[in-house]
Amino acid sequence: MSTRRLLTALLAGVALLVRSASADPDTATASGGFDIAPFALPGAAPGEYWFEEPRDITGLEVLFRGPPPDSLAVRYRRNTWPQARLETARPIEDPCGFGWMPIDDWFNGRWQPAAVDARRADSNRVLVAFRGLTAESPEQSGYDVPYRRTLGLRLDVPDPGAIAGVRIFTASPPATSRLRVELDAGCRTPGRVGAVRGHNARVTDRTEGPGRTLELAVSHMRPAHPYGGDEGLVTFALDEDTFTVSLPALAEQGPVWYAEQGVYVALADDTTSFAGYRGRTAGAKTLDQRVRERREQTCAGARNGQPRPHPVSTNLGWPHHRHRFRLEANGDLVLHRWNVTSLPAPDTARFLADGDARLFFGLERRAILARVPDPAPVLAYGITACDGDVVVEQRSFAAPLDPAAPAGTGVIVALVRFRFENRGTAPAVAELPVAYSHRSGRSENAYAGEWQDDRLVPRGERDSLSVAGALLLSRWHGRTVMRARWEGGMAPEARGREVVFRRRLPPGGRCELLLKVPFVALEEPRELAVLAGLRFARAERAMAGTWRREAGRGATLWCPQ
């Protein structure tokens, strides 16, 4: 079979530059590569090779039991790479961004054919080298790397059983190290060092030295970057314990002392003796000791040392319905436009606002005394605030305009009730300003920008609200739109662009204001009549029962602590 014929038959697999390989499985290839195939996960399907983490594969050597087949294809698992490139990460300068970088997993992705070159090394051996990435993805012209970052490879051949073995190589160059191990370092080591094994590393020689010492020769890789999964690890089995040493850390940070078991490990060419190491680190504290000295390392210290949490918003809604309201920590109500525009439906055209609509109540100008959600799973929320002797209690939840509407249809209404009480000894005025904006937004953290004030309330322009009977109205693109219905014993008064509800209360006097806010505009007389007939107490009972039944269908997790 000619080389041209074999190249035509190859599809594409993991993209990386491959070197030729030797036949000895315990040594490097003839060109110096390091075989990672022995460290693949067990139990893979015939012809597949999976790893615990993505590896930068540069090529492979395929050994057949007889002559190579006429058709051979190599594929690799691909999902977020090459769009997400861990080697460009800045974990120290940008730890948040680094923490959110996606990384491929075993369950998502697809088998991607790779662009490869291949040559027949002998009668039953084929060497595969992967072309630059642009051979598969021309748009990656600035990232024409000779490898494929992948969790798995697949060899497509007529008979996977004909594969006698595969050697897989990465972009990290091979290296060798000699380790010096001393027992009874600082204390008596129980027993001796038994088996020594490696991951991404092979122990090629073990020499017992004088006394209780030994020297190890290790073949491994020098990782091309910290996130390639090529870090060599050597595991030592003692009579009573097992521990692992990182070869890159040993080279960068120096010797390791396992004080509890009396084991000292250093590179053989490191002239630091154990006595010298003890002298150099005398008086220094271990990381564990330094952490335990911190005040927060007690339960009381940790709890009392936490910064006071800031209040956050909550959500009000109905099961399986996309009309979801956001109740801000200051009591304002936000109607998120994306809820009904992300997927167009009949209710999309009824959301008569250019952005996120928001009703402003100004509770942030008062002293907030309490914020209390109902016990789960009920989606209801209460806020208590005071202004002088007048205390106001806001209670909010969402309910369907028509309870008989099929699940996920109809209109959801937010019911927001304000109860005022004069707890002073003199008459006082209960007052609630109501403002509206059809293109506002939700509150964000204090560093989000100058578009919101110090109380985290958006500064944007408010619409002009007016009162027509029991309705609060605003103008939108030349149309008059009903934004809410109000009920209660307070008198509305237009003041600038907002409507202020007021009532004078004697000592101990009380009054109430109820706002019914539909998520989309109501224009039909039938819907307005149904809204008028919506009763707060009845809707509240139905809402609580609905959420309890919904949650009762799920599993229960019980934890004794």
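The values are calculated or read from the model by the stated rules, or taken from the named source; none is laboratory data. These numbers were taken from a predicted model, which means no experiment stands behind them. Note that we place each Cβ from the backbone using ideal geometry, even for glycine, and neighbour counts take in every protein chain shown. The area values use the complete protein model at the heavy-atom level, side chains included, leaving out ligands, DNA and RNA. Shrake-Rupley method; radii C 1.70, N 1.55, O 1.52, S 1.80 Å.
The range 493-561: D in µm²/s via Stokes-Einstein (Kirkwood Rh, Cα pairs, 20 °C, 1.002 mPa s)?
127 µm²/s
In whole Å, largest first, what are the principal axis extents of the Cα atoms in the chain?
The Cα atoms of the chain stretch 97, 67, 44 Å along the principal axes, largest first.
Add +1 for every Lys or Arg and -1 for every Asp or Glu among the other residues with Cβ under 11 Å from the Cβ of LEU363, and state the total.
Result for the neighbourhood of LEU363: -1.
With the dipole of the chain worked out from charges on the C-beta (+1 for Lys and Arg, -1 for Asp and Glu) around the Cα centre, which of PRO309, ALA555, VAL416 lies farthest toward the positive end?
Towards the positive end, the residue furthest out is VAL416.
Sort HIS336, HIS323 by accessible area with a 1.4 Å probe, largest first.
Result, largest first: HIS336, HIS323.
If you count only protein heavy atoms with a 1.4 Å probe, what accessible area per residue comes out for the range 457-555, rounded to a whole Å²?
Per residue, the range 457-555 has 53 Å² of solvent-accessible surface.
List, largest first, the extents of the alpha carbons of the range 295-376 along their principal axes, each in whole Å.
58, 30, 24
What is the percent of Cα-Cα separations in the range 460-517 that go past 16 Å?
48 percent
Once you order the gyration tensor axes a ≥ b ≥ c over the Cα atoms, which shape class does the range 54-186 get: rounded for a/c under 1.5, otherwise prolate or oblate by comparing a/b with b/c?
Note, shape of the range 54-186 comes out oblate.
Ignoring any ligand, DNA or RNA, what whole percent of the accessible area of the chain comes from carbon and sulfur when the probe is 1.4 angstrom?
Result for the chain: 52 percent of the exposed heavy-atom area is carbon or sulfur.
State the Kirkwood hydrodynamic radius of the range 52-120 in Å, one decimal place, computed from all pairs of distinct Cα atoms.
15.1 Å
Mind checking the log10 I(q)/I(0) for the range 160-266 at q = 0.12, 0.14 Å⁻¹? Debye, one equal scatterer per Cα, no solvent, two decimals.
Debye curve over Cα of the range 160-266, log10 I(q)/I(0) at q = 0.12, 0.14 Å⁻¹: -0.45, -0.59.
Viscosity 0.692 mPa s, temperature 37 °C: give me the Stokes-Einstein translational D for the range 115-222 in µm²/s, with Rh taken as the Kirkwood radius over C-alpha pairs.
Approximately 179 µm²/s, per Stokes-Einstein.
To the nearest 500 deg cm²/dmol, what mean residue ellipticity at 222 nm is calculated for the chain from DSSP H runs of n ≥ 4 alone, each contributing -39,500 (n - 2.57), summed and divided by the residues?
Here the helix-only value at 222 nm equals -3000 deg cm²/dmol.
Could you compute how fast the range 82-134 diffuses translationally, taking Rh as the Kirkwood radius over C-alpha pairs and applying Stokes-Einstein at 37 °C with viscosity 0.692 mPa s? Give it in µm² per second.
224 µm²/s
When you count, for each residue, the other Cβ atoms within 10 Å and take the mean per peptide, how do 72-79, 498-505, 540-547 rank with the highest first?
72-79, 498-505, 540-547
Ratio of Rg to Rh for the range 379-494, alpha carbon only, Kirkwood?
1.00
Once the cut-off is 21 Å, how many percent of the Cα-Cα pairs in the range 255-394 end up in the long-distance tail?
Within the range 255-394, distances greater than 21 Å cover 68 percent of Cα pairs.
Within the range 258-314, report the trypsin sites (Lys or Arg not before Pro) that DSSP leaves as loop and that have at most 11 other Cβ atoms within 10 Å.
Counting only loop positions with at most 11 other Cβ atoms within 10 Å, the trypsin sites (Lys or Arg not before Pro) in the range 258-314 are LYS285, ARG294.
Rounded, prolate or oblate: which fits the range 307-351, taking a ≥ b ≥ c as square roots of the Cα gyration tensor eigenvalues, rounded meaning a/c under 1.5, else prolate when a/b beats b/c?
prolate
To the nearest 10 Å², what's CYS299's accessible area with a 1.4 Å probe?
That residue has around 100 Å² of solvent-accessible surface.
For the chain, what proportion of DSSP beta bridges, expressed in % and rounded to the nearest 5, is antiparallel?
Rounded to the nearest five, the antiparallel share is 100 percent.
How would you classify the range 304-461 from its alpha-carbon gyration tensor, with a ≥ b ≥ c the square roots of the eigenvalues: rounded for a/c under 1.5, else prolate if a/b is greater than b/c, otherwise oblate?
Prolate, since a/c reaches 1.5 and a/b exceeds b/c.
Using a 1.4 Å probe, what is the accessible area per residue for the range 122-162, in Å²?
Here the residues of the range 122-162 average 39 Å² of exposed surface.
Could you compute how much accessible surface SER313 exposes when probed at 1.4 Å, giving the result in Å² to the nearest 10?
Rounded to the nearest 10, that gives 40 Å².
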